[in-house]
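Comments concern the structure below.
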Amino acid sequence: MYPDTPPTSVSYRYGLATFIKVQEGARDAFIDVLGEVATVACQTPGCLEYIISLVPGEPHGVFVTEFWRSIDDQRGALHRPEIVALIERCSPLIDRVEQRALEPVA
């Protein structure tokens with residue numbers, strides 16, 4: 001369909017899928033701050049995608065899918081002062097977090 005576009009698996013080496021259950025009534029505020037995290041992350045070398053999604057049937061659920069060139073790029077982003085500050089703002093809004101590393105193949 002797009003013959004000049006290389007397959008995504010060539011550049012996507014590490015992914016992270018995160019389900020976050022936020023405190024009751026906090027989802028909109030959490031998504032606002034998480035949008036700021038996405039903006040900073042997407043400006044970080046190695047970040048290929050940072051997607052925030054609502055979870056149907058989970059009124060307090062948010063799902064984040066990240067793709068990076070490497071796990072080192074993703075871990076390095078967590079040390080950026082802007083992201084550290086945003087994570088600190090998000091933390092009180094979070095009830096539970098579940099994460100899975102992803103290995104993109106196609």
(message) Projecting each Cα onto the charge dipole of the chain (Lys/Arg +1, Asp/Glu -1 at the beta carbon, about the Cα centre), which of ILE31, PRO81, VAL55 comes out farthest on the positive side?
(response) PRO81
(request) Find the accessible area per residue for the range 28-100; the probe is 1.4 Å, ligands and nucleic acids are left out, and the unit is Å². (result) 59
(message) Please give the charge dipole size of the chain, origin at the Cα centre, charges +1 on K and R Cβ atoms and -1 on D and E Cβ atoms. Round to the nearest 20 debye.
(response) 200
(request) Compare the peptides 36-43, 55-62, 15-22 by average per-residue count of other Cβ atoms within 10 angstrom and give them in order, highest first. (result) 15-22, 36-43, 55-62
(message) Given the range 8-51, report the % of alpha carbon pairs whose separation exceeds 16 Å.
(response) 49
(request) For the range 54-97, state which trypsin sites (Lys or Arg not before Pro) are in a DSSP loop and have at most 16 other beta carbons lying within 10 Å of their beta carbon. (result) ARG69
(message) Computed from the coordinates I sent, Rg and Dmax of the Cα atoms in Å equals one of (1) 14.5, 49; (2) 14.6, 47; (3) 13.0, 37. Tell me the label.
(response) (2)
(message) In whole percent, and with a 1.4 Å probe on the protein chains, what portion of the accessible area of the chain is carbon and sulfur?
(response) 55
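The values are calculated or read from the model by the stated rules, or taken from the named source; none is laboratory data. Since we're looking at a predicted model, the values are computed, not measured. With ideal geometry, Cβ positions are generated from the backbone for all residues, glycine too; neighbour counts draw on all protein chains shown. Please note that ligands, DNA and RNA were not included when accessible areas were found on the heavy atoms of the full protein model with its side chains. Shrake-Rupley method; radii C 1.70, N 1.55, O 1.52, S 1.80 Å.
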